[in-house]
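The values are calculated or read from the model by the stated rules, or taken from the named source; none is laboratory data. Being a predicted model, the structure only gives us computed values, none of them experimental. For neighbour counting, all protein chains shown are included, and Cβ atoms are generated from backbone atoms with ideal geometry for every residue, glycine included.
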Amino acid sequence: MKAADAPTAEAGLSAIPRHVAIIMDGNGRWAAARGLPRLEGHRRGVEALRRTVRASIDLGVEYLTFYSFSSENWRRPAQEVADLMGLLKLFIRRDLATLHDADVRIRVIGARDDLSPDIRVLLDEAETKTRANGGLTLIIAFNYGGRAEIVRAMRRIALGVAEGTISPTAIDENLVSRHLDTAGVPDPDLLIRTSGEQRISNFLLWQIAYTEFVFLDLHWPDFDRAAFEAAIRTYGARERRFGAVSAVESKTG
């Protein structure tokens, strides 16, 4: 974190969220507005992802989660799904060494059983290669859905109860969290969604109970460090109460 103190101060940021989650929305609309194929929008979206990873490292963000492919995205046209799979493979093959050298740890959340073997191998390789890294934790939500994640956690807990390793009276919020895909990861402090949409879209439903939301009108390919810092500045100006009264209310009674 110390290395990030100087750029943070220069950016005028009063508080850096420990964990930022991002819904990368608007690649297709960005491309359509320019008369370009949707694939070009997705390619530019990967560039925005790279920019955001670099900015997160510079600013001292500890965890960065991208909603890269939802379990509902399989409903898209087959060619677009194939293009997205191709971009994922290309990103891992081209960027894995760079991320590893930057001490980035990669973690992938979501269902893997129904993914093709070549995708599973790449995801496993990325996690294994970077497992010991101690810098930014980059979490890729791939073939992910928040409801499905909670169902998976409930099944794990139910199995533990059936086997006698979990007592029903021991089931609480902490135990549920430990059985989610994000076990061991702090809940997001800030969630950013681009493209002007103001929906959660089945993303991290359990984890965002007290997350601050920032919705941006720009499309994801246009997201840059300035937009990232502006979102963090908005976050820093808010008072996070976690269900308690505000500081002003506590003084006035």
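Only one residue in E47, E62 is within 24 Å of D124 (Cβ to Cβ) and either touching a residue at least 24 places away in the same chain (Cβ under 8 Å) or surrounded by fewer than 20 Cβ atoms within 10 Å (Cβ to Cβ) (or both), so which one is that? The match here is E62. Counting only residues that are of a type in the set (S, T, N, Q) and free of Cβ contacts under 8 Å to residues at least 60 places away in the same chain, region 132-148 holds 1 of them.
Just one residue in the set E149, E125 is modelled with pLDDT of 95 or more, under 15 Å from D181 (Cβ atoms) and either of a type in the set (D, E, K, R) or out of contact with any Pro (no Cβ under 8 Å at 6 or more places or on another chain) (or both); that residue is E149. Residues considered: I166, I157, I171, I106. Of these, the only one that is farther than 25 Å from R18 by Cα, at pLDDT 95 or above and in contact with a helix residue (DSSP H, G or I) (Cβ under 6 Å, 6 or more places away or on another chain) is I166.
If I filter region 81-102 for residues that are buried (at least 16 other Cβ atoms within 10 Å of the Cβ), more than 19 Å from the chain's Cα centre (by Cα) and either at pLDDT below 95 or not aromatic (F, W, Y) (or both), do I get at least one hit? Yes, some residue in region 81-102 is buried (at least 16 other Cβ atoms within 10 Å of the Cβ), more than 19 Å from the chain's Cα centre (by Cα) and either at pLDDT below 95 or not aromatic (F, W, Y) (or both).
For region 108-120, name all the residues that are surrounded by 13 or more Cβ atoms within 10 Å (Cβ to Cβ), over 20 Å from L49 (Cα atoms) and not small (G, A, S).
Going through region 108-120, the residues surrounded by 13 or more Cβ atoms within 10 Å (Cβ to Cβ) turn out to be 108-112, 115, 119-120.
Adding the requirement that they be over 20 Å from L49 (Cα atoms) leaves 111-112, 115, 120.
Selection gives R112, L115, R120.
Each residue in region 178-205 was checked for being buried (at least 17 other Cβ atoms within 10 Å of the Cβ) and either among the hydroxyl-bearing types (S, T, Y) or more than 19 Å from A55 (Cα to Cα) (or both), and 10 pass.
To keep it simple, each residue is scored yes or no on (1) more than 25 Å from D95 (Cβ to Cβ); (2) in contact with a Gly (Cβ under 6 Å, 6 or more places away or on another chain); (3) surrounded by fewer than 17 Cβ atoms within 10 Å (Cβ to Cβ).
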{"residue": "T130", "(1), (2), (3)": "no, no, no"}
{"residue": "N133", "(1), (2), (3)": "no, no, no"}
{"residue": "I140", "(1), (2), (3)": "no, no, no"}
{"residue": "R152", "(1), (2), (3)": "yes, no, yes"}
{"residue": "I157", "(1), (2), (3)": "yes, no, no"}
{"residue": "V161", "(1), (2), (3)": "yes, no, yes"}
{"residue": "T165", "(1), (2), (3)": "yes, no, yes"}
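Taking each residue of region 216-230 that is within 15 Å of I57 (Cβ to Cβ) and looking for partners that are among the β-branched types (V, I, T) with beta-carbon atoms closer than 7 Å, six or more apart or interchain, yields F228/T52.
Quick one: would you say Y67 is buried (at least 16 other Cβ atoms within 10 Å of the Cβ), more than 14 Å from F142 (Cβ to Cβ) and among the aromatic types (F, W, Y)?
Values: buried (at least 16 other Cβ atoms within 10 Å of the Cβ): yes; more than 14 Å from F142 (Cβ to Cβ): no; among the aromatic types (F, W, Y): yes.
For Y67, the condition - buried (at least 16 other Cβ atoms within 10 Å of the Cβ), more than 14 Å from F142 (Cβ to Cβ) and among the aromatic types (F, W, Y) - is not met.
Here are some residues: A132, A126, A158. Which one is of a type in the set (G, A, S), within 18 Å of Y63 (Cα to Cα) and part of a helix (DSSP H, G or I)? The unique qualifying residue is A126.
Tally the residues that are within 30 Å of D172 (Cβ to Cβ) and assigned to a loop (DSSP other than H, G, I, E, B), restricting the search to region 206-230. Lay out the reasoning, then the answer.
Just the residues of region 206-230 that are within 30 Å of D172 (Cβ to Cβ), to begin with: 206-213.
This time we only want the ones that are assigned to a loop (DSSP other than H, G, I, E, B), so: 206-211.
Of the residues in region 206-230, 6 are within 30 Å of D172 (Cβ to Cβ) and assigned to a loop (DSSP other than H, G, I, E, B).
From G146, G164, G196, grab the single residue that is out of contact with any Asp or Glu (no Cβ under 8 Å at 6 or more places or on another chain) and at positive phi. When all the criteria are applied, what remains is G164.
Would you check which residues across region 161-182 are in a loop (DSSP other than H, G, I, E, B) and of a type in the set (G, A, S) and list them? Lay out the reasoning, then the answer.
So in region 161-182, the residues in a loop (DSSP other than H, G, I, E, B) come out as 164-167, 171-172, 179-182.
Once the filter is applied, which keeps residues that are in a loop (DSSP other than H, G, I, E, B) and of a type in the set (G, A, S), region 161-182 yields G164, S167.
Residues in region 8-27 that are at pLDDT below 95 and part of a helix (DSSP H, G or I) were compared, and the one that is nearest to Y67 (Cα to Cα) is T8.
Annotation note: Cβ proximity below 6 Å between a residue of region 202-214 that is within 21 Å of R238 (Cα to Cα) and a residue that is surrounded by fewer than 19 Cβ atoms within 10 Å (Cβ to Cβ) (sequence gap 6+ or interchain) occurs for Q207/D187; Y210/F242; E212/R238; V214/T234.
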